[in-house]
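Engineer: Have a look at this one.
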Amino acid sequence: LLTGLKQLGANVDHVIPNRIIDGYGLNENLIEQAWTDAIDTIVTCDNGIAAVNQICKAKEYGLTIVVTDHHEVPFEETQNGRVEVLPPADAIVNPKQANCSYPFKGLCGAVVAMKVMEGLYQHMNSQIDIVDQMMEFGAIATIGDVMDLVLENRIIVKEGLKKLHHTKNLGLQELIKVNQLEIDKISPYHIGFIIGPCLNATGRLDTAKRALRLLCAEHREQAASLAGDLKNLNESRKEMTMLGVKQAIELVENTDLHNDKVLVVYLPECHESLAGIIAGRIRERYHKPSFVLTKTHDGVKGSGRSIESYSMFEKLCECRPYLTKFGGHPMAAGVSLNEENVEIFRKTLNTLSGLTEKDFLEKITIDVPMPISYINKKLIQEMSILEPFGKGNEKPVFAQKGLKIAGCRVFGKNRNVVKMSVVDSYGYAVDAVYFGDADIFVSDTKGKEISILYYPEINSYMGRESIQIVIESYQ
């Protein structure tokens with residue numbers, strides 16, 4: 001939005017809310033500031049569809065408001081059925097509106113903004129292809145916001161990655177460089193787990209304005225400095241997350257929390273922006289719905305991550321008397337409450353959970369049981385046609401029973417990588433790698449037959465290529 005409007009000669013400024021002070025979207029303080037600064041038009045990005053009161057205030061001041069968003073549209077149940085509650089903006093661009101005829105509803109907020117710029121550039125008869133120029137950012141945003149990589153999103157990511165491999169953006173060049181990545185091999189994995197978290201860490205621990213300054217940098221020295229800052233912030237975020245996860249596990253293991261069906265872990269000193277990440281890790285470890293709560297300047301706040309058999313938002317509705325604010329959907333939620341209600345909130349969630357021991361068994365879906373001896377380079381190359389992989393277009397999952405492990409070697413500062421050979425009952429062997437708790441893996445599999453879920457890939461090292469499998473799960 002910023003670059004697109006500037007290229008058309010607009011007098012444009014930007015504001016990114018501080019997630020702790022301002023929350024996540026348009027708020028009345030920002031409206032007041034715009035009025036004070038003699039701003040006449042506000043364009044939102046990835047927010048605004050639920051900001052009815054704030055936009056009412058903006059209209060009282062006579063501001064023009066354009067909402068670009070992709071979140072679910074708020075509604076009310078009436079005698080005549082469900083009615084959308086839309087803010088009184090001058091224009092609302094959101095494919096999830098009931099009357100929107102756009103054929104694909106799964107766009108992320110950044111791509112909705114890109115579509116608005118595309119329409120504006122066509123209206124202005126601009127010779128600049130703004131979509132071609134911004135496609136790499138559309139790809140980063142689509143992956144980073146964990147959208148389904150199907151239909152139009154798959155095309156945006158596939159074409160955007162091609163652009164990213166030759167990006168002229170100095171900020172992206174330096175961020176890729178500081179993370180020691182090869183620019184022409186950037187994949188959705190690198191965006192989802194390295195580049196995206198670096199851009200996101202600045203908004204969690206400081207201000208997201210740093211990430212925008214990086215992407216808008218016009219001098220390499222500035223881009224390099226900002227990229228280094230973002231990488232360092234992300235390293236701090238990872239260390240703080242690891243500490244929070246460790247503290248949460250200790251509480252679960254060493255208190256009566258381990259008997260609970262819904263885990264409510266109170267970490268008063270935890271940075272509130274990390275609560276959701278830590279809750280996700282706890283959910284993965286115990287396969288139970290998990291909340292992580294932390295103390296803030298205005299009470300206790302927290303985030304929850306759920307399992308398939310537990311609708312988190314519905315259960316929060318049943319705990320409404322103990323919460324000052326909550327929101328979310330079946331698999332994730334956010335809550336605010338008074339500190340004295342933490343324990344009764346925990347007990348009520350567990351009393352009303354409705355969960356059985358069967359619900360805590362992790363369910364794994366196998367696409368094809370396939371012997372490792374079937375793997376060859378041609379098969380792997382054919383599967384690459386299905387890329388880019390991600391949410392909604394997952395990698396195929398293969399499986400085989402009756403395998404043995406040989407030659408285990410443990411790598412990584414945190415001992416989280418195992419390299420080995422996997423051998424079938426006929427003596428056929430293939431190189432394999434496992435990412436996780438290496439010491440537990442080695443202990444579990446030593447001298448035993450195992451079943452594995454895996455994905456085959458071609459490993460390139462110092463100019464040589466070899467077939468290896470990535471073990472995703474084992475029994």
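The values are calculated or read from the model by the stated rules, or taken from the named source; none is laboratory data. Predicted, not measured: the structure shown is a model, and the values here were computed from it. FYI the Cβ positions are ideal-geometry reconstructions off the backbone, even for glycines, and counts take in every protein chain you see. Just so you know, the surface numbers come from the protein's heavy atoms only, side chains and all, with ligands and any DNA or RNA stripped out. Shrake-Rupley method; radii C 1.70, N 1.55, O 1.52, S 1.80 Å.
Engineer: Can you tell me which residue is farthest from M134 (Cα to Cα) among those in segment 153-166 that are in contact with a helix residue (DSSP H, G or I) (Cβ under 6 Å, 6 or more places away or on another chain) and surrounded by fewer than 20 Cβ atoms within 10 Å (Cβ to Cβ)?
Structural biologist: Among those residues, the one meeting the criterion is H165.
Engineer: Filtering segment 306-346 down to residues that are open to solvent by 40 Å² or more (accessible area, probe 1.4 Å) and hydrophobic (A, V, I, L, M, F, W, C), which residue is modelled with the highest pLDDT?
Structural biologist: I344
Engineer: Scan A50, A58 and give me the residue that is surrounded by 14 or more Cβ atoms within 10 Å (Cβ to Cβ) and outside any loop (DSSP other than H, G, I, E, B).
Structural biologist: Working: A50 fails: outside any loop (DSSP other than H, G, I, E, B).
The conditions single out A58.
Engineer: Restricting to segment 386-419, give me the number of residues that are under 20 Å from K448 (Cβ atoms) and charged (D, E, K, R).
Structural biologist: 4
Engineer: In the set L2, L26, which member is closer than 29 Å to I128 by Cα and open to solvent by less than 40 Å² (accessible area, probe 1.4 Å)?
Structural biologist: It is L2.
Engineer: Could you please let me know if S236 is polar (S, T, N, Q), at pLDDT below 95, open to solvent by 20 Å² or more (accessible area, probe 1.4 Å) and within 22 Å of D132 (Cβ to Cβ)?
Structural biologist: Answer is no for this residue.
Engineer: Quick test for you: out of S421, S425, S473, S384, pick the one residue that is open to solvent by 30 Å² or more (accessible area, probe 1.4 Å) and in a loop (DSSP other than H, G, I, E, B).
Structural biologist: Going through S421, S425, S473, S384 in turn, just one is open to solvent by 30 Å² or more (accessible area, probe 1.4 Å) and in a loop (DSSP other than H, G, I, E, B): S425.
Engineer: Show the residue pairs that are 6+ apart or on different chains and have beta-carbon atoms under 8 Å apart, the first residue being within segment 398-414 and in contact (Cβ under 8 Å) with a residue 24 or more places away in the chain, the second being open to solvent by 50 Å² or more (accessible area, probe 1.4 Å) and acidic (D, E).
Structural biologist: What qualifies is F398/D367; K401/E449; G402/E449; L403/E449; K404/E449; V410/D439.
Engineer: Related question: Anything in segment 5-23 that is free of Cβ contacts under 8 Å to residues at least 60 places away in the same chain, closer than 14 Å to N47 by Cα and surrounded by 13 or more Cβ atoms within 10 Å (Cβ to Cβ)? List them, or say none.
Structural biologist: Hits for segment 5-23 are V15, P17, D22.
Engineer: Do the conditions hold for L274, that is, is it part of a helix (DSSP H, G or I) and under 17 Å from the mean Cα position of the chain (by Cα)?
Structural biologist: Spelling it out, L274 is indeed part of a helix (DSSP H, G or I) and under 17 Å from the mean Cα position of the chain (by Cα).
Engineer: Could you list all residues from segment 75-111 that are of a type in the set (D, E, K, R), surrounded by fewer than 17 Cβ atoms within 10 Å (Cβ to Cβ) and within 30 Å of I39 (Cβ to Cβ)?
Structural biologist: Listed by number, the residues that qualify are E84, D90.
Engineer: Could you grab the pairs with beta carbons closer than 6 Å, sequence gap of 6+ or different chains, first residue in segment 275-300 and modelled with pLDDT of 90 or more and of a type in the set (S, T, N, Q), second one crowded, with 18+ Cβ neighbours inside 10 Å and not in a helix (DSSP H, G or I)?
Structural biologist: Qualifying pairs under 6 Å: S290/L263; S290/R305; T294/L267; T294/C270.
Engineer: Another question, then. List, please: which pairs have Cβ atoms under 8 Å, are six or more places apart or on different chains, and start with a residue in segment 353-364 that is of a type outside the set (D, E) and end with one that is outside any loop (DSSP other than H, G, I, E, B)?
Structural biologist: From segment 353-364, the pairs are S353/K315; F360/Y286; I364/L453; I364/S473.
Engineer: Can you name the condition, by its number, that E72 falls short on among (1) open to solvent by 60 Å² or more (accessible area, probe 1.4 Å); (2) closer than 22 Å to K115 by Cβ; (3) not in a loop (DSSP other than H, G, I, E, B)?
Structural biologist: Just one mismatch for E72, condition (3).
Engineer: Let me ask something else about it. So V150 clears everything in (1) without any contact (Cβ under 8 Å) to a residue 40 or more places away in the chain; (2) β-branched (V, I, T); (3) closer than 23 Å to P330 by Cβ; (4) surrounded by fewer than 22 Cβ atoms within 10 Å (Cβ to Cβ) except one condition, right? Which one?
Structural biologist: For V150, the exception is condition (1).
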